[in-house]
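Comments concern the structure below.
The values are calculated or read from the model by the stated rules, or taken from the named source; none is laboratory data. On a predicted model such as this, the values are computed, not experimentally measured, just so you know. In this analysis, Cβ positions are derived from the backbone assuming ideal geometry, glycine residues included, and neighbour counts consider all displayed protein chains. Surface areas here come from the heavy atoms of the whole protein model, side chains and all, with no ligands, DNA or RNA. Shrake-Rupley method; radii C 1.70, N 1.55, O 1.52, S 1.80 Å.
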Amino acid sequence: MRFLGNIEAKMDAKGRAFLPSTFRKVLQTSGEECLMLRKDIFQDCLVLYPQSVWNEQEDALRSRLSRWNKQQQQIFRQFVREAIEIRLDGNGRFLIPKRYMSMAEIEQDIVFIGVGNTIEIWSAKNASEPFVDDETFGQAIEELMGSSNVIGNNL
C-alpha cells in the first residue's frame, strides 16, 4: 500500500476533513476500513496509519522494548497514548479532534501528503516545513542513490 501526492484541503467548522479520493481508493483496494491518527514524533503534523500499518509499527516497537524496564515501558506508553481510531463516514469525511488540531497547529486549511504507507496532515501554513531546498535535496539524493552506492541501478 502506497500513498503518494500532495493535496490541499479545507476542514469544515466542525473539524471534519474529506480524505482525498486517491487515498480512499488505496485504502479500499487494500481492504482497510480503519485508520489510526497520532501526532508525528518529530514534526508538527498528524499521521494517519491504516490499521494494518499501525499494528505493524506498534508490534515492531513492542518487540524492541521490555515490559520490565520502566523507561522502555514509558516510551511505549507515550507512543500509543496519543493514538486514536478514525473511521470515515459515508462521504469519506473524518473528524480531527480539537486537541490534535492544536498539536499540529491546524486551523482550517490543511495539506495531505502521502508518505509511503502513511498519510501526513499538515497545517497549510507549515506544509513546507518538512522539506529542504531543491539543491540540498538533489545533493542528498545523489549521496544516497549515486551509482557508487547502488549496484545495477538503471534509473
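If I go through segment 71-98 residue by residue, how many of them are more than 24 Å from Val26 (Cβ to Cβ) and touching an Asp or Glu at 6+ places or on another chain (Cβ under 9 Å)?
3
From Glu85, Glu129, Glu142, Glu107, grab the single residue that is assigned to a helix (DSSP H, G or I) and either more than 24 Å from Asp12 (Cβ to Cβ) or open to solvent by 50 Å² or more (accessible area, probe 1.4 Å) (or both).
Glu142
Pick out the one residue from Asp12, Asp44, Asp59 that is acidic (Asp, Glu) and over 19 Å from Trp122 (Cβ atoms).
Asp59
Is there any pair linking a residue in segment 47-63 that is under 13 Å from Ala83 (Cβ atoms) and free of Cβ contacts under 8 Å to residues at least 40 places away in the same chain to one that is of a type in the set (Asp, Glu) and outside any helix (DSSP H, G or I), with Cβ under 7 Å and at least six apart or on different chains, and which?
Sorted first by the residue in segment 47-63, then by its partner, the pairs are Gln51/Glu32.
Conditions tested, residue by residue: (1) open to solvent by less than 30 Å² (accessible area, probe 1.4 Å); (2) out of contact with any Lys or Arg (no Cβ under 9 Å at 6 or more places or on another chain); (3) modelled with pLDDT of 90 or more; (4) under 21 Å from Pro130 (Cα atoms).
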residue: Ser21; (1), (2), (3), (4): no, yes, yes, no
residue: Val26; (1), (2), (3), (4): no, no, yes, no
residue: Glu32; (1), (2), (3), (4): no, yes, no, no
residue: Ile41; (1), (2), (3), (4): no, yes, yes, yes
residue: Val47; (1), (2), (3), (4): yes, no, yes, yes
residue: Pro50; (1), (2), (3), (4): yes, yes, yes, no
residue: Val53; (1), (2), (3), (4): yes, yes, yes, no
residue: Leu61; (1), (2), (3), (4): no, yes, yes, no
residue: Ser66; (1), (2), (3), (4): no, yes, yes, no
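Residues of segment 88-98 being within 14 Å of Arg38 (Cα to Cα) and exposed (fewer than 11 other Cβ atoms within 10 Å of the Cβ), which ones?
Answer for segment 88-98, where residues must be within 14 Å of Arg38 (Cα to Cα) and exposed (fewer than 11 other Cβ atoms within 10 Å of the Cβ): just Lys98.
For the list (1) open to solvent by 70 Å² or more (accessible area, probe 1.4 Å); (2) of a type outside the set (S, T, N, Q); (3) in contact (Cβ under 8 Å) with a residue 24 or more places away in the chain; (4) farther than 14 Å from Ile119 by Cα, I need the number of the one condition that Leu4 fails.
(4)
Looking at (1) open to solvent by 60 Å² or more (accessible area, probe 1.4 Å); (2) in a helix (DSSP H, G or I), which is the only condition Phe79 fails?
(1)
On the given criteria, is Ala124 touching a Cys at 6+ places or on another chain (Cβ under 6 Å), of a type outside the set (Asp, Glu) and either closer than 25 Å to Gly5 by Cα or without any contact (Cβ under 8 Å) to a residue 24 or more places away in the chain (or both)?
no
Since Ala104 meets every condition but one in (1) more than 21 Å from Trp122 (Cα to Cα); (2) among the small types (Gly, Ala, Ser); (3) in contact with a strand residue (DSSP E or B) (Cβ under 7 Å, 6 or more places away or on another chain), which condition does it not meet?
The failed condition is (1).
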